[in-house]
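Participant: Following this message is one structure expressed as structure tokens.
The values are calculated or read from the model by the stated rules, or taken from the named source; none is laboratory data. Owing to the predicted nature of the structure, the values given are computational and were not obtained by experimental measurement. So basically every Cβ, Gly included, is an ideal-geometry build from the backbone, and we count neighbours across all protein chains shown.
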Amino acid sequence: MDSYNRTLMSELRKTLPNSITVGRLVLAVVFFWLISGVACTPGEDPSRAWWAVWVFIVAAVTDILDGYLARKWKSVSPFGRILDPVVDKVLVLGGLVFLAAPPLQEGSGIVAWMVVVVIGRELLVTSVRAVIEATGSPFGADWGGKIKMLVQCVTVPVCFGNAAIESRRTSPTFNQFAELLLWGMLVITIASAIPALIRAVAFFRNHSPRSAI
């Protein structure tokens, strides 16, 4: 019986972090479905918008949970290393795309070029990571990337609430907070690419054919 329990626990530790990651992808789809039904009209029932906010928050929190469990149980897998950042980007970038389109755009303050900047940063760093990890060398997110992800995960629900929830939309204080947070997110997103690119340049210099001579 003890052997069976140990085997069961071992399998749970291997599969649970990845299962949480897959669950976050499902929550992202639910979030998109919820926000696509918000009209941003005066007097609109805010319950759907609040559900969307809480679904996003739960999805964002699971990003911390699955990584913590994988490291604690030493069950980091290639599948998880690939899927986890992909799901993060689907959640955040998908949210920003919805917020940059009507009817949410006017209240969210997010315009198309802002989304292009964020997507461009993610594509650049992800491409560099893919090239380096293809050589067998790990290139995980640094603290800059983690802070960037945290700020983005705060910005999306705040800007969404600023557009979709009337009590937030009509509050000058909340409007100003959302605007400052949005611009701060853009600055941090751009700045967070710099350490990653510095690490990448150092890697390519150390692994260039000339360095092996």
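Participant: Scan the stretch 62-98 residue by residue and report those that are modelled with pLDDT under 80 and in contact with a Leu (Cβ under 7 Å, 6 or more places away or on another chain).
Facilitator: L69
Participant: Just to be sure before I move on: is T126 at pLDDT below 90, over 22 Å from V187 (Cβ atoms) and not small (G, A, S) in the structure I sent?
Facilitator: Against the criterion (at pLDDT below 90, over 22 Å from V187 (Cβ atoms) and not small (G, A, S)), T126 does not qualify.
Participant: Going by the conditions given, is G136 closer than 23 Å to G67 by Cα and over 16 Å from the mean Cα position of the chain (by Cα)?
Facilitator: The answer is yes for G136.
Participant: Restrict the check to the stretch 45-61 and report whether at least one residue is modelled with pLDDT of 90 or more, loosely packed, with under 15 Cβ neighbours inside 10 Å and acidic (D, E).
Facilitator: yes
Participant: Turning to a different aspect of this structure: Quick check, is I188 assigned to a helix (DSSP H, G or I) and loosely packed, with under 13 Cβ neighbours inside 10 Å?
Facilitator: no
Residues are listed down the side, and each one gets a yes or a no for (1) in a loop (DSSP other than H, G, I, E, B); (2) out of contact with any helix residue (DSSP H, G or I) (no Cβ under 7 Å at 6 or more places or on another chain):
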| site | (1), (2) |
| --- | --- |
| V61 | no, yes |
| I64 | no, yes |
| V76 | yes, no |
| R81 | no, yes |
| G95 | no, no |
| P102 | yes, yes |
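Participant: Looking at the stretch 27-44, I want the residues that are on the phi > 0 side of the Ramachandran plot and have a partner that is part of a loop (DSSP other than H, G, I, E, B) with Cβ atoms under 7 Å, at least 6 apart or on another chain. Which pairs are those?
Facilitator: Within 7 Å, the pairs are C40/P103; C40/L104.
Participant: Now a separate question. Out of everything in the stretch 111-135 that is of a type in the set (G, A, S) and without any contact (Cβ under 8 Å) to a residue 12 or more places away in the chain, what residue ends up being surrounded by the most Cβ atoms within 10 Å (Cβ to Cβ)?
Facilitator: Once the filter is applied, the top-ranked residue is G120.
Participant: Check the stretch 77-90 and report whether any residue there is polar (S, T, N, Q) and under 13 Å from the mean Cα position of the chain (by Cα).
Facilitator: Within the stretch 77-90, none of the residues are polar (S, T, N, Q) and under 13 Å from the mean Cα position of the chain (by Cα).
Participant: Can you tell me which residue within the stretch 136-161, out of those that are assigned to a helix (DSSP H, G or I) and touching a residue at least 60 places away in the same chain (Cβ under 8 Å), is surrounded by the fewest Cβ atoms within 10 Å (Cβ to Cβ)?
Facilitator: Here the residue is P157.
Participant: When the residues of the stretch 23-59 are filtered to those that are hydroxyl-bearing (S, T, Y) and part of a helix (DSSP H, G or I), which remaining residue is nearest to I165 (Cα to Cα)?
Facilitator: Among those that are hydroxyl-bearing (S, T, Y) and part of a helix (DSSP H, G or I), it is S47.
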